[in-house]
Amino acid sequence: MIHKALQCRGVTKTFIVDGEEGGIIKRIRNRKNRFRAVDDISFTVEAGEIFGIIGPNGSGKSTLIRLISTLLLPNEGYISVFGNDVVKDSRKVRRLINRVTVEASFFKKLSALENLTYAARLYDVPIKEAREKIEYILGRLQFPTKKLKEPLENLSRGMQQKVAIARALFTRPTLLLLDEPTTGLDPRSKREVQAFVREAQSEFGATILFTTHDMEEAESICGRIAIIKDGRFVALDTAEGLKRLAGNGSGKELTMEDVFFILTGEEWEGKEDKGEGEVMENAGVN
Amino acid sequence: MPALIREIRASYGFVERNFNLVKRYMGWEVVFLFYNVVNTLTIGLIGYATGDMELVLFLVIGALMWAFLGVLFHEVSESVAWERWEGTIEFTFMAPIRRITMLLGTCLYAVIYGVLRTIVVLLFVLLFFDLGFENANFLSAVVILVVSSLSFIGLGLMAAVLPLISPERGPQATHIIQALILLVSGVYYPISVLPVWLQPLSYISPATYTLRMMRSAMLEGASLNTMGWDLLGLTICGIALIPIGAWIFNLGELYAKKVGKLKRSG
Ligand SMILES: Nc1ncnc2c1ncn2[C@@H]1O[C@H](COP(=O)(O)OP(=O)(O)OP(=O)(O)O)[C@@H](O)[C@H]1O
Ligand SMILES: [Mg+2]
């Protein structure tokens, strides 16, 4: 049987709201005081797809990716990565995935090389091989070689982001989870990361889940794109399909940004004619 | 078999990483070591003032052993808090290794580091005091060191879970545990001087047995077969505490993943 790269069925994640309201007792009593960060999400990603997720801040993108990464347990629903349940077979899943996040997650005083050596040990890549791959990836990302031995805290945010991308790519994950990998990169490096993503797909058949706040980027590299709002998918289609949906038959030329505003219902004064309302009701979600 | 080799290599990754961290935080290393040496010498001098060389030995062994066990406990129990502080906790937890590999790697580092540090402090002590260890049974001492490490690693694993489930309070709680063990285990005084209501606690602390045996080995040259029940008890305690510690750690991890406590912020 051939498994789907990623399958989510009715996935829900709630967090207890640590608001101003009262002490522990009150909070425990008030079980309803839960916030749905991911709310009944279902979708399937085929092997080799580049699947985009876009949505406003706090809409649940990173939470969804953490659920897939086995870093959070869902309250409801089922997630599988190539047929492996992320809860029951979490170690098998962890073998198949790697993740890049917006926040740099490194030992700050260690150098890029030391951090990457640690990663190579955990992912069981021989050090020599790891080093060659890393130098190749970082070279293409215009990362100065002499900075490899400096403590990471001395590097700029964008440089740290490049190290994070190299750390995920050199392990050749089957499912690559990229949570805003290009945020904070200069235009050229951004292009280079996009090229790497396409190569990962074409050269070793990686499946990629990609979130970004750059609408053009989403359109140019993602096969299908889901739009998430308040923990729910409000639309899922190719960029073309989303444009048709948002245009609602008006035949108007829309940019991805227009689509984002229309489908998430976010107000933006600069835009006049929005077709909000009509297309909002979970349109296009499979 | 290849799977086992892979896990062993990964656990070496933790040792290597931590020694790299030691190198990068060398300034602090020197400070800790300096404090450790001075502290041990000061405690030895308390005995010296009484003119009783036996007491000096008693105190110095207490200080050395406490420093060693403290390093073990601290390195293991703080490993999670440290990774949370660095922001690497999610990276480490989603690596394709068994959790026990991560824990044992951390413990292995703690033992190596603890031994190295204790040796350095011991060298300073020997330079400073004219201590006669001519009675000492070093073979017994090494065995006791190994056996007691097991128990302290187990305790460390249990304590490591606290920062996992409570990012703020957890690290505070681990220090309280360490302080309590110091109080009840007879590190610098015989347990008999403790208030009667506190004494039962000393019986459940593995450090009590460790210190008692270490002193009889180093001061009286006691061999292992004279230590009987203490040694057996400590061995069983260590063999039991490690799996229990790992099991509790697993529960803590599940809880953290349920409520979203793994993340650094939030
Ligand atoms: N561990 C957690 N504990 C409590 N609340 C959380 C936790 N993780 C996320 N949340 C909440 O869940 C919601 C979704 O957060 P998430 O990080 O998934 O958003 P996002 O779509 O990735 O946003 P951004 O575009 O800003 O990265 C937010 O309101 C956030 O505060
Ligand atoms: Mg996010």
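Rule-based calculations on the coordinates, nothing more; no lab input. Because the structure is a prediction, the values reported are computed rather than measured. Cβ placement follows ideal geometry from the backbone for every residue including glycine, while neighbour counts extend to all protein chains displayed.
Could you tell me which of B:102, B:181, B:91 has its Cα farthest along the dipole of region B:2-259 towards the positive end, charges placed at Cβ (Lys, Arg +1; Asp, Glu -1), taken about the Cα centre?
The one lying farthest along the dipole's positive direction is B:91.
Gain in length, residue B:53 to residue B:232, computed as 0.36 nm per residue apart minus the alpha-carbon separation, to one decimal in nm?
Here the answer is 61.4 nm.
Can you tell me the relative contact order of chain B? Whole percent, Cα pairs under 8 Å, sequence separation 6 or more.
26
What is the antiparallel percent of DSSP beta bridges lying wholly in chain A, to the nearest 5?
Around 55 percent antiparallel, to the nearest 5.
Taking amide H atoms as placed 1.01 Å from N in the peptide plane, list the residues 5 or more away in sequence, or in a different chain, whose amide H sits under 5 Å from that of residue A:229.
Under 5 Å from the amide H of residue A:229 lie the amide H atoms of A:234, each far enough along the sequence or on another chain.
At 7 Å along Cα-to-Cβ for each site, give me the label-to-label distance between residue B:225 and residue B:165 in nm.
Going from the residue B:225 label point to the residue B:165 one covers 4.6 nm.
Looking only at other chains, what is the average number of their beta-carbon atoms within 10 angstrom of each beta-carbon in A:90-103?
3
Sort largest first and round to whole Å: the equivalent ellipsoid semi-axes of region B:123-253, each the square root of five times a Cα gyration tensor eigenvalue.
So the three semi-axes of region B:123-253 are 29, 17, 16 Å.
Taking R0 as 22 Å, what's the FRET efficiency between residue B:98 and residue A:9 from their Cβ-Cβ distance, rounded to 0.05?
According to the calculation, E is roughly 0.20.
Determine the gain in length on full extension of the stretch residue B:31-residue B:46; use 0.36 nm per residue of separation and subtract their C-alpha separation, reporting nm with one decimal.
Separation in residues times 0.36 nm, less the Cα-Cα distance, equals 3.1 nm.
Give the average over all directions of the projected area of the C-alpha convex hull of the protein assembly as shown, one decimal, in nm².
Result: 31.3 nm².
Using only Cα atoms, figure out Rg for region B:2-259 and give it as a multiple of 2.2 N^0.38 Å.
1.04
Would you please state the base-10 log of I(q)/I(0) at q = 0.06, 0.10, 0.12, 0.15 1/Å for chain A, with intensities from the Debye formula using one equal scatterer on every alpha carbon?
Reported log10 I(q)/I(0), two decimals: -0.21, -0.59, -0.83, -1.18.
Mind listing which chymotrypsin sites (Phe, Trp or Tyr not before Pro) in region B:185-241 are in a DSSP loop and have 10 or fewer other Cβ atoms within 10 Å?
Of the chymotrypsin sites (Phe, Trp or Tyr not before Pro), the ones in loops of region B:185-241 whose Cβ has at most 10 other Cβ atoms within 10 Å are B:197.
Please name whichever of B:167, B:73, B:32 sits farthest to the positive end of the charge dipole of region B:2-259, dipole taken about the Cα centre and charges placed at Cβ: Lys and Arg +1, Asp and Glu -1.
Most positive-ward Cα: B:167.
Could I have the simple spin-label model distance between residue A:2 and residue A:191, label points 7 Å from Cα toward Cβ, reported in nm to one decimal?
Distance between the two pseudo-spin positions: 3.5 nm.
Could you give the length gained by full extension between residue B:189 and residue B:19, i.e. 0.36 nm per residue of separation minus their alpha carbon distance, to one decimal place?
Full extension from residue B:189 to residue B:19 adds 57.8 nm.
Regarding region A:176-215, what are the three Cα extents along the principal axes, ordered largest first, in Å?
27, 18, 14
Magnitude of the Cβ-charge dipole of chain B, K/R +1 and D/E -1, about the Cα centre, nearest 20 debye?
I would put it at about 1120 debye.
Given A:162/A:190; A:92/A:128; A:13/B:257, which pairs have Cα atoms separated by over 21 Å?
A:92/A:128
Taking R0 as 22 Å, what FRET efficiency do you get between residue A:257 and residue A:198 from their Cβ-Cβ distance, rounded to the nearest 0.05?
0.45
Given a Förster radius of 35 Å and the C-beta distance between residue A:230 and residue B:240 as r, what FRET efficiency does 1/(1 + (r/R0)^6) yield to the nearest 0.05?
Computed FRET efficiency for residue A:230 and residue B:240 comes out at 0.10.
Using modelled backbone amide H atoms (1.01 Å from N, in-plane), which distant-in-sequence or interchain residues come within less than 5 Å of residue A:224's amide H?
Answer set, sorted by chain and number: A:50, A:52.
Scattering from the C-alpha atoms of region B:1-105 alone, worked out with Debye: what is log10 I(q)/I(0) at q = 0.17, 0.22 1/Å?
So the normalised log intensities work out to -0.88, -1.17.
Could you work out the mean count of beta carbons from other protein chains within 10 Å of each residue's beta carbon in A:112-124?
6
Pull up the DSSP beta bridges for the protein assembly as shown and report the antiparallel fraction as a percent, rounded to 5.
Once the DSSP bridges in the protein assembly as shown are tallied, antiparallel ones form about 55 percent.
Give me the base-10 log of I(q)/I(0) for region B:52-112 at each q in 0.30 Å⁻¹, Debye formula, one uniform scatterer per Cα, rounded to two decimals.
Each listed q corresponds, in turn, to -1.19.
Evaluate the distance, in nm, between pseudo-label points positioned 7 Å from the Cα of residue B:251 and of residue B:199 along their respective Cα→Cβ axes.
Roughly 3.2 nm, to one decimal.
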